[in-house]
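Structure first, then comments.
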Amino acid sequence: MEDTELYTRLLGLRRPWRVCRVELNLEQNRVDVWAVEEPRWDWQCPICGKSAPVYDHAGEQTWRHLDTCEYETHLHARLVRITCAEHGVKQVPAQWTGPRSPFTMKLEARLIDLLKECDVTGVTRLSGTKWDATWGVLDRAVERGLARKERRVPMRIGVDEKAVAKGHTYESIVCDLDRGTVEYVTDDRKQESLEKYFRQFSKEELAQIEAIAMDMWDPYIAATKAHVPAAEEKIVFDRYHVTTQVTKAVDKVRRQEHKALSANEDFRLKGTKYLWMWNEENIPEWRRAEFDSIKTADLKTGRAWAIKESLRAFWSYLSPAWARKYFKAWYFWATHSRLQPIVAAAKTLKRHLTNILTYFKHRITNATAEGINSKIQTLKLMACGYRNREHYRKAIYFHCGGLDLYPRAEAA
Ligand SMILES: [Zn+2]
């Protein structure tokens, strides 16, 4: 077999294209391949598909392909421009690459596979490309994926805020809780942040949403009430966020009490922070005796802790009516505890009770998207490799968007 024939097959070129020349450069560790088209081919206008004569050829372009036996392989060709009676002069897209790519589709697909496994810097190092070229692969993949994405409103969504890097910078993430995909990422955690997501859809589409998990965060609540029909029955405050309110209150009680005790040389509460915050069964064996003695020592912190622990039973109810009854009793206990942080937390919960109780109907939490959260956490650690926030956001869509990322000939 001739080398030109071999490369026509290796590259998977289809008529009218074929390889006309192959050059091996051992010193530079590369193979260069030139493709030409058959003469007198019946070209078609890329817009209307009607036959159109060749107008001229574009200048020679080069695309990198998968290596041949570890030799960098580059494909050269001059693409054809036709002239259509209706559409004028148009370039016919190449069958081996997508728009704006310096790579053939096969290499681009391989780089996408690599990008799923490591960050842009790592892929750049492994493949001997340039950072910007590697980034371009990810960027185009997300663009393609978003363009192909079916327009649909998830039935059950989770809205979550994430702190970005250090300081008080946030972003909002909307997840499809059933598919486990990130649907939307945007700056900030304001009402406007979430409204931008909702505004993509009509009222009828938004009416299909069955339930929305979120923190007790007023801007999200306002955005949802403004856009989603019957939002009052659909908002479900995330149970972990609810529990955290009470856990934080316990910690506040501990700090206050520790300060007061320390003034009298009593250091029993020193170093006990997490003992009170963990669920009781998660306390490590070696600290159990210490905890058992301290929790029965008639301390305010011990009382606060007992109130927090008893709220856990609330979540195990099956019916909203019984859960409500249980909450009522718990609330009475909490608000009569004379522990100010606990009273305040209980009141916050009471104020949001309607949409805490919706949990017993919809049974969703933001932890449903736990896989996503840990992926995003990893991306955040890699964020320095993404250079800026826009990149980081693209990376979230790439890794968590559930998008169809790969180039295909018909998309050319
Ligand atoms: Zn045309």
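Filter region 17-57 for residues that are in a strand (DSSP E or B) and under 30 Å from Glu86 (Cα atoms) and give the result.
Trp17, Arg18, Ala35, Val36, Glu37, Gln44, Ser51, Val54, Tyr55, Asp56, His57, listed by residue number.
Taking region 72-98 as the region of interest, how many residues are in a loop (DSSP other than H, G, I, E, B) and farther than 24 Å from Leu126 by Cα?
Selection size over region 72-98: 9.
If a residue must be more than 12 Å from the ligand (Cβ to nearest atom), without any contact (Cβ under 8 Å) to a residue 40 or more places away in the chain and open to solvent by less than 50 Å² (accessible area, probe 1.4 Å), how many such residues does region 60-93 contain?
1
Looking only at region 282-297, which residues are among the charged types (D, E, K, R) and exposed (fewer than 14 other Cβ atoms within 10 Å of the Cβ)?
Glu285, Arg288, Asp292
This table checks each residue for (1) open to solvent by 30 Å² or more (accessible area, probe 1.4 Å); (2) within 20 Å of Glu70 (Cβ to Cβ); (3) among the basic types (Lys, Arg).
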position	(1), (2), (3)
Gln95	yes, no, no
Pro99	yes, no, no
Leu111	no, yes, no
Val123	no, yes, no
Leu126	yes, yes, no
Ala133	no, yes, no
Leu138	no, no, no
Ala141	no, no, no
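Quick check: anything in region 108-116 away from the ligand (no atom under 16 Å from the Cβ), over 28 Å from Gln28 (Cβ atoms) and among the aliphatic types (A, V, I, L, M)?
Taking every residue of region 108-116 in turn, none turns out to be away from the ligand (no atom under 16 Å from the Cβ), over 28 Å from Gln28 (Cβ atoms) and among the aliphatic types (A, V, I, L, M).
Inspect all residues belonging to region 16-28 and state whether any of them is among the hydrophobic types (A, V, I, L, M, F, W, C), away from the ligand (no atom under 16 Å from the Cβ) and farther than 30 Å from Leu111 by Cα.
Checked region 16-28: no residue is among the hydrophobic types (A, V, I, L, M, F, W, C), away from the ligand (no atom under 16 Å from the Cβ) and farther than 30 Å from Leu111 by Cα.
Based on what the data block shows, is Ile173 of a type in the set (Val, Ile, Thr) and either touching a His at 6+ places or on another chain (Cβ under 8 Å) or modelled with pLDDT of 95 or more (or both)?
When the stated conditions are applied, Ile173 does not pass them.
How many residues does region 119-150 hold that are without any contact (Cβ under 8 Å) to a residue 60 or more places away in the chain, in a loop (DSSP other than H, G, I, E, B) and farther than 23 Å from Thr73 by Cα?
Number of matching residues: 1.
Scan region 18-38 for residues that are of a type outside the set (Asp, Glu) and open to solvent by 20 Å² or more (accessible area, probe 1.4 Å) and jot them down.
Arg18, Cys20, Arg21, Val22, Leu24, Asn25, Leu26, Gln28, Asn29, Arg30, Trp34, Val36
Kindly indicate whether Ser337 is closer than 30 Å to Arg156 by Cβ, at pLDDT 90 or above and polar (S, T, N, Q).
no
Restricting attention to region 39-59, which residues are within 16 Å of the ligand (Cβ to nearest atom) and open to solvent by less than 40 Å² (accessible area, probe 1.4 Å)?
Trp43, Cys45, Ala52
Output the helices (runs of 4 or more DSSP H) that fall wholly within region 318-402 and possess 3 or more residues being open to solvent by less than 50 Å² (accessible area, probe 1.4 Å) and closer than 30 Å to Arg140 by Cβ, or say none.
Those helices (runs of 4 or more DSSP H) span 370-381, 389-400.
Could you tell me which of the residues Arg288, Arg338, Arg254 is out of contact with any His (no Cβ under 7 Å at 6 or more places or on another chain) and either touching a residue at least 24 places away in the same chain (Cβ under 8 Å) or under 28 Å from Lys361 (Cα atoms) (or both)?
Arg254
The values are calculated or read from the model by the stated rules, or taken from the named source; none is laboratory data. Given the structure is predicted, the values throughout are model-derived calculations rather than measurements. Cβ: placed from backbone, ideal geometry, glycine included. Neighbour counts: every protein chain shown. With ligands, DNA and RNA removed, areas are computed over all heavy atoms of the protein, side chains included. Shrake-Rupley method; radii C 1.70, N 1.55, O 1.52, S 1.80 Å.
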